Each structure stands twice: as C-alpha cells, then as structure tokens.
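The values are calculated or read from the model by the stated rules, or taken from the named source; none is laboratory data. Since the model is a prediction, treat every value here as computed from it, not as a measurement. Don't worry about glycine lacking a Cβ; one is built from the backbone with ideal geometry, like all the others, and counts go over all protein chains shown.
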Amino acid sequence: MQVYVNGEFCEKEDARISVFDHGVLYGDGVFEGIRVYAGRIFKFDEHLERLYESAKSIDLAVPLPLDRMREAIRETVRRNRLPDAYIRVLITRGVGNLGLNPYQCEKSGLIIIVDKIALYPPELYDRGLEVITVATQRNLPEAVNPRIKSLNYLNNILAKIEAINAGVEEAIMLNSFGFVSECAGDNIFAVRKGMILTPSISMGVLEGITRNVVIEMARGKGIEVKQLVMTRHDLFIAEECFLTGTAAEIIPVVKVDGRQIGEGKPGTLTRELMEDYHRLTREEGVPVE
Ligand code: PXG
C-alpha cells in the first residue's frame with residue numbers, strides 16, 4: 001500500500017505524522033471518504049467540494065489547490081492498483097504547540113489513503129439492519145456543525161458504542177429537540193404512502209453525497225421526496241426504511257427500537273433504489289487513468 005503523506009508517497013508502515021499535529025492533539029481537521037468503482041472515482045467533484053467547504057468553515061487552509069488535489073488523489077489511487085477502493089482524504093491543522101491556537105500551526109497536513117473497501121456482509125443487505133435510537137444526541141449545528149466532516153467524530157463514536165453494546169449495527173441520533181437527524185455514519189430515509197422522507201439538513205445532519213444521489217434518483221423516477229422534520233413515530237409507521245452512505249451505499253432497515261418496519265424485510269422501493277444505485281456506480285465516475 002502506498003500512502004500520500006504531506007507531498008510524499010510512502011509504504012503503509014512508514015506513513016507517519018507528528019504527535020504535535022493538531023489533528024492528533026485536538027481532532028482539528030476535516031476528511032472525506034470516497035469510493036472507486038471499476039477504476040472510476042464516484043462523485044469525485046461532489047466529495048472535493050464538501051472537503052473544501054468543511055475546511056473553509058473551520059478556517060483551515062487546504063494545502064493544495066483543487067486541480068493539484070484532484071491529481072494527488074488520482075495518483076494515489078493509481079499507485080495502489082485497486083479497481084474498487086475506498087479513498088480517505090484527511091486535512092489536519094498541522095504541527096503546532098500544546099495550545100489550542102490553530103494559527104500557531106505552520107502548515108496544514110494532507111494524508112491520502114487508498115484501501116480495499118470493507119463492505120458490510122451481504123446478508124445484511126438481504127435481511128436488513130436492526131437499529132436503535134441512542135441517548136447521545138447529534139451535535140448542535142451551533143457547535144461543531146454536522147455539515148462539517150470534521151476529524152472529531154467522538155460524538156458519533158459514542159453513539160456507535162451505544163448501538164454495538166445494545167447488539168445492533170447502527171445508531172440513530174436525535175437532535176437536541178428530539179427530532180431524527182441521522183445515524184452515526186449514514187443518513188436515514190423512510191418510505192410512506194409512495195413518498196420518500198428524510199430529515200432536512202437543518203435538523204443537524206451531514207449533507208451526504210449518497211443522500212443527494214438517492215434524492216435525485218428518486219425524483220428522476222417521479223417519486224416525491226420530502227426533506228422535513230421527522231420524529232421516531234415517522235420511522236415506526238414507515239413502510240420502508242433505509243440508510244445511505246459512501247461505504248454502506250443503500251442498506252435496508254427492518255427494525256427500529258424493536259418495532260418491525262413494514263413487512264420486516266427490505267422494501268420494494270428500497271430494493272429498486274439499491275439496484276439503480278449499483279447501476280449508477282458502474283456507469284458514472286472520473287477515470288483514474
Ligand atoms: N452521516 C454521517 C455522520 C457520516 O459520517 C454519512 C452521513 C454519509 O455521507 P456520504 O457522503 O458518505 O453519503 C457519513 C459518512 C464508516 C464511516 O466507517 C462512515 C462515514 C464516515 C467515516 C467512516 O462507516 N460516513
């Protein structure tokens with residue numbers, strides 16, 4: 001494996017950064033998770049745009065302009081010779097002292113990792129997931145805005161810990177008003193009366209790239225999509241439920257807080273969208289070569 005670290009390529013074992021990097025000391029930085037399907041980078045520009053927007057929001061200088069960033073990522077993918085891969089791009093605040101002040105850090109760090117994609121077991125896609133809502137709330141948009149894909153994922157990790165300890169695969173987080181926001185690492189959707197429902201961005205959610213693709217695909221099929229305020233009740237009475245994310249793609253949910261969703265198996269529309277999504281990932285994307 002070849003890892004890009006601050007302008008140089010090195011072997012996995014030699015990929016190191018300073019313990020004084022504020023990315024390590026404070027989780028001060030941003031990241032992206034991107035997929036490569038059959039040698040093509042899926043929704044590359046959308047991920048890059050979100051990366052630069054996350055950085056802008058925390059006043060973090062991206063060490064490369066967009067065209068050189070695009071090239072550095074493509075080169076890292078090429079070097080790893082994986083037609084299907086997961087790309088992790090990290091921008092850290094860089095090396096500083098033991099104080100919080102980010103402006104003491106000299107230069108932002110850039111790390112690009114390309115690895116094999118660790119997929120959920122296929123049974124989960126056939127059977128559907130069981131999820132629960134957890135006590136850990138989604139961060140307030142007035143604090144670290146969930147739209148920022150920050151290196152500080154502790155809040156989401158706390159939610160994930162609750163889910164795993166309860167014996168389920170994923171956690172639904174509510175916002176501070178008790179409305180549904182999203183899962184620890186995925187956006188959430190419900191289907192009811194032929195309509196697709198998902199919490200609006202203002203509920204405190206990451207504007208997922210997969211979320212946007214699903215909304216666009218559904219509308220293209222003439223299905224009405226509503227982004228709204230959702231309660232747990234809306235999930236309990238849904239005919240179908242599914243999660244979306246770059247890693248998970250579209251994964252059906254069959255139980256929420258012990259309530260069976262619909263027939264207790266992946267829904268018809270969910271399956272259709274899963275197929276459409278697979279087709280799209282095979283058709284689209286920016287070639288690596
Ligand atoms: N919400 C949150 C909080 C996320 O972290 C998504 C939604 C989905 O967004 P995209 O753009 O991927 O459709 C994410 C992204 C993991 C893992 O290991 C998942 C994410 C990030 C880091 C790790 O499951 N998901």
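Worth pointing out:
- Only strands (runs of 3 or more DSSP E) whose full extent lies in segment 224-288 are considered here, and the ones with at least 2 residues that are closer than 18 Å to Pro121 by Cα are 240-245, 249-256.
- Within segment 111-147, considering residues that are basic (Lys, Arg) and more than 13 Å from the ligand (Cβ to nearest atom), the one farthest from the chain's Cα centre (by Cα): Arg127
- Total residues in segment 25-83 satisfying the condition of being over 16 Å from Val3 (Cβ atoms), free of Cβ contacts under 8 Å to residues at least 12 places away in the same chain and more than 16 Å from the ligand (Cβ to nearest atom): the figure is 5.
- Criterion (within 12 Å of the ligand (Cβ to nearest atom) and either surrounded by fewer than 24 Cβ atoms within 10 Å (Cβ to Cβ) or not assigned by TED's automatic domain parsing to the domain that holds Leu154 (or both)) met by exactly one of Ile188, Ile201: Ile201
- Filter pass, Ala143 being free of Cβ contacts under 8 Å to residues at least 40 places away in the same chain, within 29 Å of Leu64 (Cα to Cα), in the same structural domain as Asp257 (by TED's automatic domain parsing) and not basic (Lys, Arg): yes
- Of Leu140, Leu124, all but one fail to be in a loop (DSSP other than H, G, I, E, B) and surrounded by fewer than 21 Cβ atoms within 10 Å (Cβ to Cβ); the exception is Leu140.
- Entirely in segment 1-108, the helices (runs of 4 or more DSSP H) that have 2 or more residues that are under 17 Å from the mean Cα position of the chain (by Cα): 44-57
- Just one of the numbered conditions (1) more than 23 Å from Thr281 (Cα to Cα); (2) touching a strand residue (DSSP E or B) at 6+ places or on another chain (Cβ under 9 Å) is not true of His233: (2).
- Exactly one residue among Thr210, Thr198 is touching a Phe, Trp or Tyr at 6+ places or on another chain (Cβ under 6 Å) and either part of a strand (DSSP E or B) or modelled with pLDDT of 95 or more (or both), and that residue is Thr198.
- Unique match (being farther than 25 Å from Asn6 by Cβ and either among the charged types (D, E, K, R) or surrounded by fewer than 20 Cβ atoms within 10 Å (Cβ to Cβ) (or both)) among Lys116, Lys160, Lys107: Lys160
- When Ile188 is tested against (1) closer than 21 Å to Thr136 by Cα; (2) assigned to a loop (DSSP other than H, G, I, E, B), just one condition goes unmet, and that condition is (2).
- Just one of (1) of a type in the set (S, T, N, Q); (2) within 16 Å of the ligand (Cβ to nearest atom); (3) surrounded by fewer than 17 Cβ atoms within 10 Å (Cβ to Cβ) fails for Ser150. It is (3).
- Residue tally, condition buried (at least 16 other Cβ atoms within 10 Å of the Cβ) and either within 12 Å of the ligand (Cβ to nearest atom) or not small (Gly, Ala, Ser) (or both), over segment 204-224: 12
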